[in-house]
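Pasting a structure below so you can have a look.
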Amino acid sequence: MKKSGIPVSSLLGWKLGFLVVDCVESCVGREASLLFVGSFGKGRLMTKTTTKLSPEAYRQLQEGESYHPIIPAGSPTLEVTLRSVGVGLVMAMIFSLASAYLALKTGQGMEAAIPIAILAIGLANLFARKSTILENVIIQSIGAASSAVVAGAVFTIPALYMLDIEVSFWHIFFTAFFGGCLGVLFLIPLRDYLIVKEHGKLPFPEAMATTEILVAGESAGQQARTLVFSAVIAFFYDLFILTFGFWKEIISFHSIGIGRWMEERFSMAIRIDGLSAIVGLGYIVGVKYASIIAAGSFLSYLVFIPLVSYIGSHLTGIIPPGDVPIMQMSTDDIFVNYVRLMGIGGIAGAGVMGIIKSIPSIGKSFKLGIQGIAASRAEGHDNIRTEKDMNLRDVFIGIAAIGICLWFFFRGGMADSLVSAVGVLLALGISFLFTMVAARAIGLIGTNPVSGMTLATLIITSVILTKMGLSGKPGMFVALIIGGVVCTALAVAGAFATDLKIGYWLGATPRNQQLYKFLGIIVSAAFCGLAMMLLANTYTLGSLEMPAPQASAMKEIIFGLMGPEAGVQWILFSFGVIISVILAMAGVPALAFALGMYLPIQLNTAVLLGGFIAWMVGRSSRNEKMVKERKEKGILVASGFIAGGSIAGVVAAVIAALGWDSIVMISYPDTASELVAIGMLALLSVFMYQYSKKA
């Protein structure tokens with residue numbers, strides 16, 4: 001029991017659950033347990049594979065050369081089983097909740113593909129039969145739908161809450177579900193071109209990292225133990241803060257005097273959030289990117305807030321959007337009413353610049369996408385297992401069915417028949433146009449420029465709907481739902497391109513990945529909706545507690561375009577745009593800096609702390625091999641912190657929604673609570689550094 005690194009009681013619980021699955025497989029027969037595969041011939045099912053990718057996986061193929069995956073097309077191997085589907089769905093549930101909390105809290109999403117791949121291999125050791133590599137591909141593909149669906153939904157749906165528009169679970173679910181399905185359906189005809197024809201030209205960095213983990217297999221058992229152990233520590237650490245109040249979450253340094261003196265004398269603030277999930281996020285982000293984000297906060301809290309406070313001290317009137325004179329405002333009041341609008345302008349400016357830079361790539365990608373669809377239809381690979389896709393007829397039927405469902409969805413959202421039809425055309429057309437862009441961006445650099453494309457979608461949609469006479473809350477509702485569908489489609493398309501490339505390298509059946517991705521999307525959309533409603537009912541979205549920065553930016557833009565008073569404070573908003581342009585001219589990532597300007601300083605200083613720990617781990621030895629191993633272990637620890645801490649945030653929200661937090665919360669003087677928080681954060685940082693070094 002000791003070797004698992006998991007408590008005996010927990011291990012017995014997991015074992016019991018996994019034995020049930022093993023018993024089901026044994027009772028119904030192994031072939032029968034495949035349920036929906038149908039594509040494998042009879043014969044011995046392989047469970048052992050080679051443990052190394054061929055050299056052709058890393059380079060372009062020569063003329064006449066073909067790539068041979070780890071599992072050849074003619075080798076039947078367990079792929080879609082009760083186990084792979086069941087574990088994949090559980091992963092989708094867990095990571096949907098974690099991703100929603102983290103994205104709304106920090107504005108940063110989490111990439112679930114690599115942690116899920118590690119957990120899939122690690123958990124396989126608890127089954128009587130070890131999972132095959134293709135079962136792990138299915139687990140990863142289903143589970144990874146979580147972060148992609150959430151990434152799309154959090155850009156727009158929270159803006160509905162901020163605009164005081166009634167939101168139901170079904171609004172969130174159908175927006176995420178329809179968008180996710182469109183992302184998969186639009187990518188299927190492009191698979192052969194993007195994944196096969198462009199092999200070696202598009203490196204797919206995240207897909208390669210995940211593939212290497214799945215191939216390594218044996219070592220991933222230890223990696224899974226590290227990840228789970230870190231997640232358990234982070235879960236209880238953050239839960240002790242959020243639910244039980246054993247120590248303060250936000251360290252303001254009032255307990256040592258300097259924090260209070262800075263705020264009272266200069267309206268400056270230096271704070272740090274003590275949650276392990278945010279420190280873990282900073283480790284993943286790295287010190288360079290974390291420094292840029294933190295620099296944005298330093299500009300807001302150490303320059304702009306004191307400047308506004310100084311100007312306001314000479315004024316007696318009320319300056320909108322504030323509702324009291326500036327001289328009566330606290331540091332946080334000034335930030336919320338004035339300075340944060342500059343951050344929103346910076347986010348919008350960075351998004352627009354991203355679209356402008358991408359125009360040549362969009363045109364090229366669209367042209368290549370059309371050519372790729374035509375080539376795929378002409379060639380066909382129906383007789384080769386590793387080249388089998390969903391039938392194009394079924395793809396087009398699926399797109400048409402979603403279009404019809406969207407029409408009814410928009411009709412129920414206060415739009416008439418004509419507006420609903422235009423909304424459907426916009427959602428389908430823009431999703432189709434940008435799908436290739438999203439997938440190619442993921443293939444080239446591992447980053448999806450979804451924020452800029454969503455911003456462009458909202459602007460185009462708002463202008464068209466306004467010209468059609470739809471404005472106010474009905475117009476904003478339809479525009480944001482269209483934006484949510486498109487944003488989710490693009491996020492899922494990019495992530496699914498990663499899944500298909502993993503399957504290509506390893507020899508999975510594309511059709512299986514495509515079919516079961518829909519199952520992952522359904523579950524992810526449902527749990528994303530539950531998490532978002534829970535957090536919206538527990539906190540105020542757009543507040544300092546739950547900032548939801550991307551949605552806040554979308555809300556301000558759409559209110560300015562379609563609101564009754566066009567109430568965006570355009571001067572402050574324009575300052576942010578100008579700052580983002582200047583930063584871009586100086587070669588500084590404008591979006592990261594603007595995100596820092598918008599988010600509360602305590603979040604970004606915690607991210608900076610995590611980045612600093614990563615920097616220290618990277619310089620903990622002169623042995624390059626050892627440093628590499630320590631960095632990799634540190635990423636696992638950080639991933640565990642993110643997952644465990646985020647789940648603790650969701651659990652804390654459930655407890656608060658039930659009204660139990662007041663019963664279990666411990667109350668003692670702020671000074672003592674903050675001193676304990678400083679000590680615990682120091683201990684957490686030392687643990688993260690030392691545990692990462694034990695590679």
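Checking the structure you have, find out if any residue of region 271-286 is surrounded by fewer than 19 Cβ atoms within 10 Å (Cβ to Cβ), within 28 Å of Ala643 (Cβ to Cβ) and of a type outside the set (D, E, K, R). If you could, list the steps in order and put the result at the bottom.
To start, the set of residues in region 271-286 that are surrounded by fewer than 19 Cβ atoms within 10 Å (Cβ to Cβ) comprises 286.
Of the ones still in play, those that are also within 28 Å of Ala643 (Cβ to Cβ) are 286.
Next cut, of a type outside the set (D, E, K, R) only: 286.
Scanning region 271-286 turns up at least one residue that is surrounded by fewer than 19 Cβ atoms within 10 Å (Cβ to Cβ), within 28 Å of Ala643 (Cβ to Cβ) and of a type outside the set (D, E, K, R).
Ok, one more. Among the residues that make up region 651-669, is at least one of them part of a helix (DSSP H, G or I), among the polar types (S, T, N, Q) and either crowded, with 16+ Cβ neighbours inside 10 Å or in contact with a strand residue (DSSP E or B) (Cβ under 9 Å, 6 or more places away or on another chain) (or both)? Break it down stepwise before answering.
Here is the first cut: in region 651-669, the ones part of a helix (DSSP H, G or I) are 651-657, 661-664.
Add one more test, that the residue is among the polar types (S, T, N, Q), and what stays is 662.
With either crowded, with 16+ Cβ neighbours inside 10 Å or in contact with a strand residue (DSSP E or B) (Cβ under 9 Å, 6 or more places away or on another chain) (or both) added as a condition, the list becomes none.
No: region 651-669 contains no residue that is part of a helix (DSSP H, G or I), among the polar types (S, T, N, Q) and either crowded, with 16+ Cβ neighbours inside 10 Å or in contact with a strand residue (DSSP E or B) (Cβ under 9 Å, 6 or more places away or on another chain) (or both).
Considering (1) touching a Ser or Thr at 6+ places or on another chain (Cβ under 6 Å); (2) without any contact (Cβ under 8 Å) to a residue 12 or more places away in the chain; (3) among the aromatic types (Phe, Trp, Tyr), say which one Tyr668 fails and leave the rest.
(1)
So the check is Cβ under 9 Å with 6+ separation or different chains; which pairs have a first residue in region 679-691 that's within 12 Å of Ile233 (Cα to Cα) and a second one that's outside any helix (DSSP H, G or I)?
The qualifying pairs are Leu684/Gly274.
Give region 516-528 a look and list any residue that's small (Gly, Ala, Ser) and either modelled with pLDDT under 95 or closer than 11 Å to Ala145 by Cα (or both), or say none. Spell out how you get there, then give the answer.
Keep residues of region 516-528 that are small (Gly, Ala, Ser), which gives 520, 524-526.
Residues satisfying the conditions are Gly520, Ser524, Ala525.
Moving to a separate point now. Being surrounded by fewer than 24 Cβ atoms within 10 Å (Cβ to Cβ) and in contact (Cβ under 8 Å) with a residue 12 or more places away in the chain is the requirement here; does Gln140 meet it? Break it down stepwise before answering.
On the way: surrounded by fewer than 24 Cβ atoms within 10 Å (Cβ to Cβ): no; in contact (Cβ under 8 Å) with a residue 12 or more places away in the chain: yes.
For Gln140, the condition - surrounded by fewer than 24 Cβ atoms within 10 Å (Cβ to Cβ) and in contact (Cβ under 8 Å) with a residue 12 or more places away in the chain - is not met.
While we're on this one: Checking the structure you have, find out if any residue of region 395-404 is touching a residue at least 40 places away in the same chain (Cβ under 8 Å), surrounded by 21 or more Cβ atoms within 10 Å (Cβ to Cβ) and touching a helix residue (DSSP H, G or I) at 6+ places or on another chain (Cβ under 9 Å).
Yes, some residue in region 395-404 is touching a residue at least 40 places away in the same chain (Cβ under 8 Å), surrounded by 21 or more Cβ atoms within 10 Å (Cβ to Cβ) and touching a helix residue (DSSP H, G or I) at 6+ places or on another chain (Cβ under 9 Å).
Criterion first (in contact with a Leu (Cβ under 9 Å, 6 or more places away or on another chain) and buried (at least 19 other Cβ atoms within 10 Å of the Cβ)) does Leu684 satisfy it? Walk me through how you get there before you give the answer.
On the way: in contact with a Leu (Cβ under 9 Å, 6 or more places away or on another chain): no; buried (at least 19 other Cβ atoms within 10 Å of the Cβ): yes.
In short, no.
A follow-up question, please. Could you tell me which numbered condition Ala677 fails, if it satisfies all but one of (1) modelled with pLDDT under 90; (2) surrounded by 11 or more Cβ atoms within 10 Å (Cβ to Cβ)?
Tallying (1) modelled with pLDDT under 90; (2) surrounded by 11 or more Cβ atoms within 10 Å (Cβ to Cβ), Ala677 fails exactly one: (1).
With the condition kept exactly as written, say whether any residue in region 580-593 is among the small types (Gly, Ala, Ser) and free of Cβ contacts under 8 Å to residues at least 40 places away in the same chain.
We begin by selecting, within region 580-593, every residue among the small types (Gly, Ala, Ser); these are 580, 584, 586-587, 590, 592.
Filter again for free of Cβ contacts under 8 Å to residues at least 40 places away in the same chain, leaving 586-587.
Checked region 580-593: at least one residue is among the small types (Gly, Ala, Ser) and free of Cβ contacts under 8 Å to residues at least 40 places away in the same chain.
Okay, next question. Just to check your reading of the model, which residue among Leu544, Leu515 is of a type in the set (A, V, I, L, M, F, W, C) and outside any loop (DSSP other than H, G, I, E, B)?
Working: Leu544 fails: outside any loop (DSSP other than H, G, I, E, B).
Of Leu544, Leu515, the one residue that is of a type in the set (A, V, I, L, M, F, W, C) and outside any loop (DSSP other than H, G, I, E, B) is Leu515.
Got a sec? Which of Ala234, Ala207 is in contact with a Ser or Thr (Cβ under 6 Å, 6 or more places away or on another chain), surrounded by 23 or more Cβ atoms within 10 Å (Cβ to Cβ) and over 21 Å from Ile278 (Cα atoms)? Reasoning before the result, please.
Numbers: Ala234 fails: over 21 Å from Ile278 (Cα atoms).
Only one candidate qualifies: Ala207.
Now a separate question. When region 602-621 is examined, which residues are found to be over 12 Å from Gly286 (Cβ atoms), crowded, with 22+ Cβ neighbours inside 10 Å and not small (Gly, Ala, Ser)?
Once the filter is applied, which keeps residues that are over 12 Å from Gly286 (Cβ atoms), crowded, with 22+ Cβ neighbours inside 10 Å and not small (Gly, Ala, Ser), region 602-621 yields Gln602, Leu603, Asn604, Thr605, Leu609.
So if I check each of Gly109, Gly86, Gly64, which one is surrounded by fewer than 24 Cβ atoms within 10 Å (Cβ to Cβ) and on the phi > 0 side of the Ramachandran plot?
On the way: Gly109 fails: on the phi > 0 side of the Ramachandran plot; Gly86 fails: on the phi > 0 side of the Ramachandran plot.
Exactly one residue qualifies, and that residue is Gly64.
Do you know which residues across region 151-177 are closer than 15 Å to Thr488 by Cα and surrounded by fewer than 24 Cβ atoms within 10 Å (Cβ to Cβ)?
His171, Phe173, Phe174
Now, a different point. Right, Phe95: in a helix (DSSP H, G or I), aromatic (Phe, Trp, Tyr) and within 15 Å of the chain's Cα centre (by Cα) or not?
On the way: in a helix (DSSP H, G or I): yes; aromatic (Phe, Trp, Tyr): yes; within 15 Å of the chain's Cα centre (by Cα): yes.
When the stated conditions are applied, Phe95 passes them.
Let me confirm something: among Ala526, Ala553, Ala536, which residue is among the small types (Gly, Ala, Ser) and either assigned to a loop (DSSP other than H, G, I, E, B) or closer than 30 Å to Ser84 by Cα (or both)?
Values: Ala553 fails: either assigned to a loop (DSSP other than H, G, I, E, B) or closer than 30 Å to Ser84 by Cα (or both); Ala536 fails: either assigned to a loop (DSSP other than H, G, I, E, B) or closer than 30 Å to Ser84 by Cα (or both).
Being among the small types (Gly, Ala, Ser) and either assigned to a loop (DSSP other than H, G, I, E, B) or closer than 30 Å to Ser84 by Cα (or both) holds for just one of Ala526, Ala553, Ala536, which is Ala526.
For region 134-158, enumerate the residues that are hydroxyl-bearing (Ser, Thr, Tyr) and under 20 Å from Ile114 (Cβ atoms). Reasoning before the result, please.
At the first step, the residues of region 134-158 found to be hydroxyl-bearing (Ser, Thr, Tyr) are 141, 146-147, 156.
Result: Ser141, Ser146, Ser147.
Checking Ser552 against (1) over 28 Å from Ala592 (Cα atoms); (2) in contact with a strand residue (DSSP E or B) (Cβ under 9 Å, 6 or more places away or on another chain), which single condition isn't satisfied?
It fails just one condition, (1).
Leu608: in a helix (DSSP H, G or I), out of contact with any Lys or Arg (no Cβ under 9 Å at 6 or more places or on another chain) and farther than 24 Å from Ala209 by Cα, yes or no?
Values: in a helix (DSSP H, G or I): yes; out of contact with any Lys or Arg (no Cβ under 9 Å at 6 or more places or on another chain): yes; farther than 24 Å from Ala209 by Cα: yes.
In short, yes.
On to the next question. Do we find that Met546 is in contact with a Lys or Arg (Cβ under 7 Å, 6 or more places away or on another chain) and not small (Gly, Ala, Ser) in this structure?
Numbers: in contact with a Lys or Arg (Cβ under 7 Å, 6 or more places away or on another chain): yes; not small (Gly, Ala, Ser): yes.
For Met546, the condition - in contact with a Lys or Arg (Cβ under 7 Å, 6 or more places away or on another chain) and not small (Gly, Ala, Ser) - is met.
Output yes when any residue across region 412-425 is assigned to a helix (DSSP H, G or I) and modelled with pLDDT under 60, and no when none is. Quick ask: steps written out before the conclusion?
Initially, region 412-425 is screened for residues assigned to a helix (DSSP H, G or I), giving 417-425.
This time we only want the ones that are modelled with pLDDT under 60, so: none.
Checked against the condition, which is being assigned to a helix (DSSP H, G or I) and modelled with pLDDT under 60, region 412-425 yields no hits at all.
Just for helices (runs of 4 or more DSSP H) wholly inside region 220-298: which have at least 3 residues that are within 30 Å of Val588 (Cα to Cα)? Don't jump to the end; show me each part of the working.
Numbers: elements: 220-242, 258-266, 276-285.
Once the helices (runs of 4 or more DSSP H) in region 220-298 are filtered for at least 3 residues that are within 30 Å of Val588 (Cα to Cα), what remains is 258-266, 276-285.
Let me ask you something else. With Thr435, Thr454 as the choices, which residue is at pLDDT 75 or above, out of contact with any Cys (no Cβ under 6 Å at 6 or more places or on another chain) and buried (at least 22 other Cβ atoms within 10 Å of the Cβ)? Explain how you work it out, then say what you get.
Values: Thr454 fails: out of contact with any Cys (no Cβ under 6 Å at 6 or more places or on another chain).
Just a single option satisfies the conditions, and that option is Thr435.
Could I ask something else about it? Filter region 302-347 for residues that are among the small types (Gly, Ala, Ser) and either surrounded by fewer than 18 Cβ atoms within 10 Å (Cβ to Cβ) or touching an Asp or Glu at 6+ places or on another chain (Cβ under 8 Å) (or both) and give the result. Spell out the reasoning first.
First pass over region 302-347, keeping only residues among the small types (Gly, Ala, Ser): 309, 312-313, 317, 322, 330, 343, 345-346.
Once the filter is applied, which keeps residues that are among the small types (Gly, Ala, Ser) and either surrounded by fewer than 18 Cβ atoms within 10 Å (Cβ to Cβ) or touching an Asp or Glu at 6+ places or on another chain (Cβ under 8 Å) (or both), region 302-347 yields Ser313, Gly317, Gly322, Ser330.
Kindly indicate the residue of region 172-228 that is of a type in the set (Val, Ile, Thr) and in contact with a Leu (Cβ under 7 Å, 6 or more places away or on another chain) and also farthest from Met688 (Cα to Cα) among those meeting that condition.
Let us first name the residues in region 172-228 that are of a type in the set (Val, Ile, Thr), namely 172, 175, 184, 188, 195-196, 210-211, 213, 215, 226, 228.
The next check asks that each one be in contact with a Leu (Cβ under 7 Å, 6 or more places away or on another chain); those that pass are 195, 211, 215, 226.
On the way: Ile195: 38, Thr211: 26, Val215: 27, Thr226: 12 Å.
Checking each candidate, the answer is Ile195.
The values are calculated or read from the model by the stated rules, or taken from the named source; none is laboratory data. Everything quoted here is computed from the prediction, not taken from an experiment. Please note: Cβ atoms are built from the backbone with ideal geometry, for glycine as well, and neighbour counts cover all protein chains shown.
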